[in-house]
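Participant: Before anything else, here's the structure in question.
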Amino acid sequence: MNKHKVIQTRQLTDSTFVVRMERSQLDFQTGQFVMLGMNGSTDRREYSVYSGENDDYLEVLVREVKGGKISGKLKRLKAGDDVYVDGPFGFFKFAPSNFEVQKFLFVATGTGISPFHSFVRTHNDLDYQLVHGVRFAEEAYDHRDFNSERMTLCTSGDMKGDFNGRVTTYLAEQKIDADMNCFLCGNSEMIYEVFDILTGKGIPVSNIYSEVYF
Amino acid sequence: MNLSDGERVISVLNEAGYEWTDNEEEAGLIGILACSVRQKAIDKVYSRIHKWNKWKNNKNLITFISGCILPDDHEKFLKLFDITFQMKDLPQLPEMISRYGVTTPTHLKAGIDPHNENIEEFWNVKPNYQSGFEAFIPIQNGCDKFCTFCAVPYTRGREVSRPSKDIVAEVALLITQGYKSITLLGQNVNSYGLDKKGDEITFPQLLREIGELGKRMKKDFWLYFTSPHPRDMTDEVIEVIAEYPVLAKQIHLPMQSGDDKVLMRMNRKHNMEKYRHIVETIRRIIPQATLFTDIIVGFTGETEEQFENTRKAMNEFKFNMSYTAIYSPRPGATSHRWDDDVPLEEKKRRLHALTEELRKHNLPYNNVLIGQTLRVLVRGTDRKDGFLSGHTEGKLIVRFASSNENLIGQFVDVKITSASDFSLEGELVKTEVEVLA
């Protein structure tokens, strides 16, 4: 694992924050993840890269898990501290040139927005629609970085989102072109349900890509 | 993999002057090559080491452990075993043993190196092959796939490919020595070379080199590989297998589940469309190839409908063998954090149902072979008195009447006379060499 110095941590909500580290020449493709660990501990956790391919720093989006072995330690990091980084890994890779049809649907719950944040930072002229499901509108992590016309915030715990309800309810009501490339990231229950909705609308399985967080 | 690792451990210890004993109580040095795929195997390690540590009250004994070890277990083993090392550090084992009790080796304080640096030193150890006719050659170590049910990426580190020239040299040496069955080993054997980003040949190119070697050396042998990952299984691999006679027409292609959603949750990075394409390509290009697979039943959240999709896939692909396992959460794997919510009785029912599917297809397949003469590599004596047994190129088990143990390790021709679900029986019709009874 390689040692990366923390540049800053940025609190987004009480429990969610961004850790920005030195890039240290880590070469990744947007959508991939890294494993983070701390000195003196053998515990490691995987986090999707949050920053873009062209950023000169490396960022991950972290939600503190009660009793978690890593997230609590990451939250206490200060500028100048060391984090151990391994990777990149994963096949949820995203190079627009790989796709014949350049239309993308991104569906995320919670911190599952992380790889899509990396996508749009890297390819900001994409023809995409992002559907982000959270409980409360305050969890709209860095939505300013996305094109507001391409973003739908679904909130299930308050009425402040673009849509009041879960992403699955929202998607079930939408017309989705069969040639859309669909990327799903978040908890497996959401991915299961969205998979059924999309295939039910005629999207071929080969156009559906997923990254299961938990 | 552990069998292959064990051959190298024995070689290193023999070289250092140690002698093997089958009597555990007589040993002055005892080691374990751990496997973290199932919790039960790790539980056994704890049971054994506590017993051995009690023996230390009455005798001199040094214990070591290596192999596939999770970080949490690694920390505990540091306190229980005298020496804990990663397999890549095997060449230093004699030195660790000699220093034990004199100084505390600094490596004991190190964690698991996920990058497998120095793994080439391990590969360069000449193994003490445990068989004179079957050998296993590691060509790659580690895994980057992160299937959610598996802890290997956390125990064996990243995928690292062994230099192809060393692999081909080891194959050549084995062929010269008359080995008949050689298996290339790796966690994702067909991802070979990808970690080198263009500085190493690819897996099909490696197979081609070995195929050409077989042509040049004009010796008979079967080359197998295990296990490939469907994600990296290209048409080219299948085409190369078809092209060269020494590349065995047996393909082990882990499916794990026949349901796309379960595959997503397993983070397998292949779907049934991809799997179906590979099987269709195999059937089209190598129709005589046998097909083996791995399946997990009762994975977390697996519904009856999803299991039925696996059963349908068994029907569709008509595997010759399936290594079907009941899902059990493995500490360290991602799925360990999820509810293991399929009751054990239901898992057993699903396992039984798939075994029945396998039987249903195997018997008709095997019946077609009755009357045919098949080439068989004789591997040993059979449980049935007065019989020897072996396998065909497609790894179908064949037994035949003979008490001539000199045939073990030889190719023979056997005419099949009867078939059952998982084996064939026949009459010896030809041996390749004059073998004295």
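Participant: For peptide B:68-80, what's the mean number of Cβ atoms from other chains within 10 Å of each residue's Cβ?
Facilitator: 1
Participant: Given Cα pairs under 8 Å that are at least 6 residues apart, what percent is the relative contact order of segment B:133-212?
Facilitator: Value for segment B:133-212: 37 percent.
Participant: What average number of partner chain Cβ atoms lie no more than 10 Å from the Cβ of the residues making up A:88-98?
Facilitator: Per residue, the average neighbour count from other chains is 2.
Participant: What number, in percent, do you get for the relative contact order of chain B if the mean sequence gap of Cα pairs under 8 Å and at least 6 apart is divided by its residue count?
Facilitator: Computed over chain B, the figure is 11 percent.
Participant: With n ≥ 4 as the cut-off for DSSP H runs, can you work out [θ] at 222 nm for chain B, using -39500 (n - 2.57) per run divided by the number of residues, rounded to the nearest 500?
Facilitator: -11000 deg cm²/dmol
Participant: Then there is this: Take chain B, connect every pair of alpha-carbon atoms lying under 10 Å apart with a spring to form a Gaussian network, then pick out the residue of B:418, B:335, B:164 with the largest mean-square fluctuation.
Facilitator: Largest GNM mean-square fluctuation: B:418.
Participant: Right, next: When DSSP beta bridges are limited to those with both residues in the protein assembly as shown, what percentage is antiparallel, rounded to the nearest 5?
Facilitator: 45 percent
Participant: If you don't mind, there's one more thing I want to ask. Checking the a/c ratio against 1.5 first, then a/b against b/c, what shape does the Cα gyration tensor give for segment A:124-208?
Facilitator: It is oblate, given that a/c is not under 1.5 and a/b is not larger than b/c.
Participant: By counting other Cβ atoms within 10 Å of each Cβ, how are B:294, B:260 ranked from fewest to most?
Facilitator: B:294, B:260
Participant: Please go through the residue pairs B:274/B:312; B:165/B:196; A:5/B:196; B:126/B:215; A:3/B:76 and name each one whose alpha carbons sit more than 19 Å apart in this structure.
Facilitator: Exceeds cut-off: A:5/B:196; B:126/B:215; A:3/B:76.
Participant: Could I ask something else about it? Name the residues whose placed amide hydrogens come within less than 5 Å of the amide hydrogen of residue B:146, ignoring near sequence neighbours (fewer than 5 apart) on the same chain.
Facilitator: none
Participant: Compare the peptides B:135-143, B:67-75 by average per-residue count of other Cβ atoms within 10 angstrom and give them in order, highest first.
Facilitator: B:135-143, B:67-75
Participant: Also, quick follow-up: All other residues with a Cβ under 9 Å from the Cβ of residue B:322 taken together, and with Lys, Arg as +1 and Asp, Glu as -1, what is their net charge?
Facilitator: Residues close to residue B:322 contribute a combined charge of -2.
Participant: Let me ask you something else. When the Karplus curve 6.51 cos²θ - 1.76 cosθ + 1.60 is applied with θ = phi - 60°, which whole-Hz ³J(HN,Hα) does each residue of segment B:327-343 get, with x for Gly and Pro?
Facilitator: Rounded to whole hertz, the list is 5, 9, x, 10, x, x, 7, 4, 5, 4, 7, 9, 5, 8, 9, 9, x.
Participant: Let me ask you something else. Quick one: what are the phi-derived ³J(HN,Hα) couplings along segment B:268-284, Karplus 6.51/-1.76/1.60 with θ = phi - 60°, whole Hz, x for glycine and proline?
Facilitator: 7, 6, 9, 10, 5, 5, 5, 4, 4, 4, 5, 5, 4, 5, 4, 4, 6
Participant: Let me ask you something else. With the convex hull built on the Cα atoms of segment B:150-288, state its orientation-averaged projected area in nm².
Facilitator: That works out to 8.9 nm².
Participant: Provide the net charge surrounding residue B:397, with neighbours chosen by a C-beta distance below 15 Å and charges set as Lys +1, Arg +1, Asp -1, Glu -1.
Facilitator: The answer is +2.
Participant: Once the dipole of chain A is set up with Lys and Arg at +1 and Asp and Glu at -1 on Cβ about the Cα centre, which of A:141, A:204, A:7 lies farthest towards its positive end?
Facilitator: Selected residue: A:7.
Participant: Among the listed pairs B:180/B:384; A:66/B:269; A:175/B:145; B:51/B:145; A:66/A:103; B:348/B:384, which are separated by more than 26 Å between their Cα atoms?
Facilitator: A:66/B:269; A:175/B:145; B:51/B:145; A:66/A:103; B:348/B:384, as the Cα separations exceed 26 Å there.
Participant: For a test of the definition: using alpha carbon positions, the gyration tensor, and the 1.5 limit on a/c, classify segment B:278-437 as rounded, prolate or oblate.
Facilitator: Judged from the Cα gyration tensor, segment B:278-437 comes out prolate (a/c at least 1.5, a/b above b/c).
Participant: Using packing as a proxy for protection, rank B:213-224, A:5-16 so that the peptide with the highest average count of other Cβ atoms within 10 Å comes first.
Facilitator: Descending mean neighbour count gives B:213-224, A:5-16.
Participant: Provide, as a two-decimal number, the C-alpha radius of gyration of segment A:1-65 over 2.2 N^0.38 Å, N being how many residues it has.
Facilitator: My calculation over the Cα atoms of segment A:1-65 gives 1.08.
Participant: Then there is this: Take the Cα atoms of the protein assembly as shown, build their convex hull, and give its volume per residue in Å³.
Facilitator: 176 Å³
Participant: Related question: When the Karplus curve 6.51 cos²θ - 1.76 cosθ + 1.60 is applied with θ = phi - 60°, which whole-Hz ³J(HN,Hα) does each residue of segment B:199-212 get, with x for Gly and Pro?
Facilitator: For segment B:199-212, the Karplus curve yields 8, 9, 5, 8, 4, x, 5, 5, 4, 4, 4, 5, x, 5 Hz.
Participant: Further question on the same structure: What's the local net charge at residue A:142, with K and R +1, D and E -1, over the other residues with C-beta under 15 Å away?
Facilitator: In short, +1.
Participant: Based on DSSP, what percent of beta bridges with both residues in segment A:1-133 are antiparallel, to the nearest 5?
Facilitator: If I count the DSSP bridges inside segment A:1-133, around 80 percent turn out antiparallel.
Participant: Here's something else I'd like to know. Please compute the average number of Cβ atoms from other chains found within 10 Å of each residue's Cβ in peptide B:264-277.
Facilitator: Shielding by partners across B:264-277 averages 3.
No lab work stands behind these numbers, since they all come straight from the coordinates. Just so it is clear, the structure is predicted and the values come from calculations on it, not from any experiment. Here Cβ is always computed from backbone atoms with ideal geometry, including for glycine, and neighbour counts include all displayed protein chains.
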